[in-house]
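Enquirer: Pasting a structure here, questions to come.
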Amino acid sequence: MDSLMIVGGIIVAALIMLAGMYNSHINRRNQVDLAFAAVDVQLKKRWDLVPNLVDTVKAYAAHEKETLTAVVAARTEAMRADSDSQQRFNSEREIARLVPSLMAISESYPELKANGQFLNLQRTLTEIEAQISAARRTYNSSIMEYNNGVQMFPSNIVAGAFGFQARQALEIPHSERQVRNVSI
């Protein structure tokens, strides 16, 4: 009878530990999803701002069509892509690369630089970019915690049994990590 109680106690303790690990994985996965949603909200703000920015620049710089077209195409591509796809992240990187070119156009057009709407859009874009950066850091931190739970022993056994898999952090491609030389 005593040995049956001991075995039963061990089984109950193991089940409690298993449930705790499973719930921990669910919690981490939900944190990742929440952090990704925060990134998505900030990207949507930028998407909404880009057409206004393009229209404002277009009014002053009609012959800068190539840059304007590239920005609009990148925005459209990002909006079409699945929210969790690599294609979406690549499109977002392209937008982040092109928007400074759009801002640089203002250097050639003093009347555009002085336009109140353009200045407001520029200020708003700077704020949104800072918020995107913060949301990405939070997302990547959540990914690290989630992946640690999925990959570290003994919780990796529970993760494997229930189909939890490591996720990809938002990374900058190696080509964009290079420091650019600026000549003045």
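The values are calculated or read from the model by the stated rules, or taken from the named source; none is laboratory data. Only a predicted model underlies this, so the values are computations on that prediction, with no experimental measurement involved. Note that each Cβ is placed from the backbone with ideal geometry, even for glycine, and that neighbours are counted across all protein chains shown.
Enquirer: Quick test for you: out of Val99, Val158, pick the one residue that is in contact with a helix residue (DSSP H, G or I) (Cβ under 9 Å, 6 or more places away or on another chain), surrounded by 18 or more Cβ atoms within 10 Å (Cβ to Cβ) and over 27 Å from Arg46 (Cβ atoms).
Expert: The conditions single out Val158.
Enquirer: Looking at Val71, Val39, Val12, Val54, can you tell me which residue is of a type in the set (Val, Ile, Thr), over 21 Å from Lys113 (Cα atoms) and surrounded by 17 or more Cβ atoms within 10 Å (Cβ to Cβ)?
Expert: Numbers: Val71 fails: over 21 Å from Lys113 (Cα atoms); Val12 fails: surrounded by 17 or more Cβ atoms within 10 Å (Cβ to Cβ); Val54 fails: over 21 Å from Lys113 (Cα atoms).
Of Val71, Val39, Val12, Val54, the one residue that is of a type in the set (Val, Ile, Thr), over 21 Å from Lys113 (Cα atoms) and surrounded by 17 or more Cβ atoms within 10 Å (Cβ to Cβ) is Val39.
Enquirer: Restricting the first residue to the range 106-123 and requiring it to be in a helix (DSSP H, G or I), which pairs with a second residue that is modelled with pLDDT under 75 and hydrophobic (A, V, I, L, M, F, W, C) meet a Cβ separation below 9 Å and a spacing of at least six or different chains?
Expert: So the pair list comes out as Ser106/Ala61; Ser106/Leu112; Ser108/Ala61; Leu112/Ala59; Leu112/Ala61; Phe118/Leu112.
Enquirer: Scan the range 81-121 residue by residue and report those that are under 16 Å from the mean Cα position of the chain (by Cα) and of a type in the set (D, E, K, R). Steps first, please.
Expert: Initial filter on the range 81-121 (under 16 Å from the mean Cα position of the chain (by Cα)): 81-97.
Residues satisfying the conditions are Asp82, Asp84, Arg88, Glu92, Arg93, Glu94, Arg97.
Enquirer: What's the number of the only condition in (1) within 30 Å of Ile157 (Cα to Cα); (2) in contact (Cβ under 8 Å) with a residue 40 or more places away in the chain that Val99 fails to meet?
Expert: The failed condition is (1).
Enquirer: Hey, among Ser24, Ser3, which residue is assigned to a helix (DSSP H, G or I), surrounded by 12 or more Cβ atoms within 10 Å (Cβ to Cβ) and more than 17 Å from the chain's Cα centre (by Cα)?
Expert: Exactly one of Ser24, Ser3 is assigned to a helix (DSSP H, G or I), surrounded by 12 or more Cβ atoms within 10 Å (Cβ to Cβ) and more than 17 Å from the chain's Cα centre (by Cα), namely Ser24.
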